1. Given the residues Leu202, Leu194, Leu219, which is the only one that is within 20 Å of Pro64 (Cα to Cα), open to solvent by less than 50 Å² (accessible area, probe 1.4 Å) and under 25 Å from the mean Cα position of the chain (by Cα)?
2. Do you know which of the residues in the stretch 82-140 that are part of a loop (DSSP other than H, G, I, E, B) and among the aliphatic types (A, V, I, L, M) is nearest to His57 (Cα to Cα)?
3. Would the stretch 84-96 turn up any residue that is surrounded by fewer than 17 Cβ atoms within 10 Å (Cβ to Cβ), within 30 Å of Ile137 (Cβ to Cβ) and touching a His at 6+ places or on another chain (Cβ under 9 Å)?
4. Being touching a residue at least 12 places away in the same chain (Cβ under 8 Å) and not aliphatic (A, V, I, L, M) is the filter here, so list the residues in the stretch 262-281 that pass it.
5. Kindly indicate whether any position in the stretch 150-162 is of a type in the set (Gly, Ala, Ser), over 22 Å from the mean Cα position of the chain (by Cα), on the phi > 0 side of the Ramachandran plot and surrounded by 11 or more Cβ atoms within 10 Å (Cβ to Cβ).
6. State whether one or more residues within the stretch 111-126 are closer than 17 Å to Ser186 by Cβ and either surrounded by 15 or more Cβ atoms within 10 Å (Cβ to Cβ) or touching a Leu at 6+ places or on another chain (Cβ under 6 Å) (or both).
7. Given (1) open to solvent by less than 30 Å² (accessible area, probe 1.4 Å); (2) of a type in the set (Lys, Arg); (3) in contact with a strand residue (DSSP E or B) (Cβ under 8 Å, 6 or more places away or on another chain), identify the lone condition not met by Arg31.
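The values are calculated or read from the model by the stated rules, or taken from the named source; none is laboratory data. The shown structure was predicted, so the numbers you read here are calculated from the model rather than taken from an experiment. In this analysis, Cβ positions are derived from the backbone assuming ideal geometry, glycine residues included, and neighbour counts consider all displayed protein chains. For the accessible areas, the whole protein counts, side chains as well, though only heavy atoms, and no ligand, DNA or RNA atoms are used. Shrake-Rupley method; radii C 1.70, N 1.55, O 1.52, S 1.80 Å.
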Amino acid sequence: MMATEIAQTNGHITALTVTPKSALAKLQQLREELKTVYLDRSEAIDLILVGLLSKMHVFLGGKPGTGKTELAKAVSDAITGTTFFHYLMTKTTVAEEVLGAPDLAELQKGKFVRDTEAMLPEAHLALMDEIGKANSIVRNSALGLMNEREFLNGKTKLQSPLITMIGCSNELLDGEEDGAFWDRLSLRYMVDYLGDEDLRTLLLRKTSNITAPQITTMLSLAELEQMQTAVKNVAFPAPVIDSLIDLQRELKKENFIISTRKYVQIVTILKAHAYLQAETEVSEDSFEILNHVI
């Protein structure tokens, strides 16, 4: 997307200066387009974008038919130059379907090595649909990828390009064996059905009574990586850290204990949220996103 300036001399146009839009400006435009297309999903959209900026994973829960998968896929489709892995989980899903099947040639040599081409270990973005239906063995097999971005393939430790995984589910992950997986889904949002007015607008669009808006803004992987670097440079003033400690103290009074690892995640998430709002430093205003983190 370009901004054009027209230079004029002696009443005649003499030059055109074309300036590329900044990555943040394009992100803001994509954000607004998504919110126009996906009605009453502003918070969910912001959470996914914060997930991309902070390299954190996202959980979208809610009843069937609330558009969780469609929204997650739309955001992923808007990031060009990435490898996208999308899989619908079931109770019978096995690790091979997500991580890759054994390489038969290597297996004949007595080596267990997975063929990871086009599978989760080689994806930049991942959408795990109905993640709540997958068994704990499959979910736990992805823990290293989600946290350290590492995958042990046979005896070789591979670095994964994974940026963000979005897990969609009609059911919550509440079993004890799911604790580690759930903890890595740092940003969580429960999607509800549309209210009357938003539903009316959606139906008018679907029946062609009004023009349906489209998503036209695209971000490249390089632009996303540029913004991820910029997030690290967002200032985090000491008074805001004190407010975070005050919050921890209040939560402890309610016997709500948060791990040190989670607080480290929170710092990055708050920086990403401030950056999304075009702020140069974190303020207590960003604390609102913590409703979807802790």
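1. Details: Leu202 fails: open to solvent by less than 50 Å² (accessible area, probe 1.4 Å); Leu219 fails: within 20 Å of Pro64 (Cα to Cα).
That would be Leu194, the only listed residue that is within 20 Å of Pro64 (Cα to Cα), open to solvent by less than 50 Å² (accessible area, probe 1.4 Å) and under 25 Å from the mean Cα position of the chain (by Cα).
2. Result: Ala123.
3. Yes, some residue in the stretch 84-96 is surrounded by fewer than 17 Cβ atoms within 10 Å (Cβ to Cβ), within 30 Å of Ile137 (Cβ to Cβ) and touching a His at 6+ places or on another chain (Cβ under 9 Å).
4. Keep residues of the stretch 262-281 that are touching a residue at least 12 places away in the same chain (Cβ under 8 Å), which gives 262-263, 265-276, 278-281.
Those that are touching a residue at least 12 places away in the same chain (Cβ under 8 Å) and not aliphatic (A, V, I, L, M): Lys262, Tyr263, Gln265, Thr268, Lys271, His273, Tyr275, Glu279, Thr280, Glu281.
5. yes
6. So far as the stretch 111-126 goes, yes, one or more of its residues are closer than 17 Å to Ser186 by Cβ and either surrounded by 15 or more Cβ atoms within 10 Å (Cβ to Cβ) or touching a Leu at 6+ places or on another chain (Cβ under 6 Å) (or both).
7. Condition (3) is where Arg31 drops out.
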